[in-house]
Amino acid sequence: MIQHFNLFDGEEDYVNEMIKKNPMNNSIWSYRYFILAKTKDFTKELVENEVNFAFDTLNEFKLDNEGVWVYLRGYLARSKQEAERSLGSNSSVKRMLISEFPFIKEKCEQMLKDNIEGSSGYRFILTLLLDFQIAENDIEKAVET
């Protein structure tokens with residue numbers, strides 16, 4: 001209905017408020033992706049801002065917030081082909097190659113150093129690092145992970 005009647009005004013603010021109230025709400029993260037996909041141009045700057053927003057939320061709340069990790073990964077492709085396919089006119093999910101954002105790898109490695117292995121957020125950090133290694137075609141490192 002929001003899309004049909006073009007009622008996007010104020011929705012981004014609403015989503016941000018809902019995330020502040022309950023960052024564990026997976027549905028609001030999906031809705032954020034939808035709202036931004038319909039109201040913003042898909043650019044490297046947008047992806048970088050959203051990745052930083054997700055990391056800031058993780059740092060402020062909990063590393064084991066699966067919804068945030070899924071949201072974060074939703075913007076990132078593991079291969080150039082995946083990224084190119086997602087930018088096609090038939091795709092509703094746009095992605096950019098994860099290796100275009102080296103700060104992601106640095107943040108994940110720092111999170112691993114700062115957090116105790118075995119915490120429930122640990123698996124999400126490793127998954128994102130694995131995505132990065134696949135994108136860099138570093139198969140040996142990916143197998144180690």
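Restricting attention to region 6-31, the residues that are in a helix (DSSP H, G or I) and in contact with a Ser or Thr (Cβ under 8 Å, 6 or more places away or on another chain) total 3. Scan PHE53, PHE101 and give me the residue that is within 22 Å of LEU128 (Cβ to Cβ), surrounded by 13 or more Cβ atoms within 10 Å (Cβ to Cβ), under 14 Å from the mean Cα position of the chain (by Cα) and without any contact (Cβ under 8 Å) to a residue 24 or more places away in the chain. That would be PHE53, the only listed residue that is within 22 Å of LEU128 (Cβ to Cβ), surrounded by 13 or more Cβ atoms within 10 Å (Cβ to Cβ), under 14 Å from the mean Cα position of the chain (by Cα) and without any contact (Cβ under 8 Å) to a residue 24 or more places away in the chain.
With respect to LEU58, is the statement that it is without any contact (Cβ under 8 Å) to a residue 12 or more places away in the chain and surrounded by 14 or more Cβ atoms within 10 Å (Cβ to Cβ) true? Criteria not met by LEU58. Scanning region 29-50 for residues that are of a type in the set (A, V, I, L, M, F, W, C) and in contact (Cβ under 8 Å) with a residue 12 or more places away in the chain, we see that the one that is nearest to GLN3 (Cα to Cα) is ILE35.
Assessment of region 129-136 against the conditions (in contact with a Cys (Cβ under 9 Å, 6 or more places away or on another chain) and in contact (Cβ under 8 Å) with a residue 24 or more places away in the chain) yields at least one matching residue.
When residues in region 42-86 are screened for being modelled with pLDDT under 90, outside any helix (DSSP H, G or I) and within 27 Å of PHE8 (Cα to Cα), 1 of them pass.
For region 32-41, state whether one or more residues are assigned to a loop (DSSP other than H, G, I, E, B) and among the aliphatic types (A, V, I, L, M).
Checked against the condition, which is being assigned to a loop (DSSP other than H, G, I, E, B) and among the aliphatic types (A, V, I, L, M), region 32-41 yields no hits at all.
The values are calculated or read from the model by the stated rules, or taken from the named source; none is laboratory data. A quick note: this is a predicted structure, and the numbers were derived from the prediction, not measured. All Cβ positions, glycine included, derive from the backbone under ideal geometry; neighbour counts span all protein chains shown.
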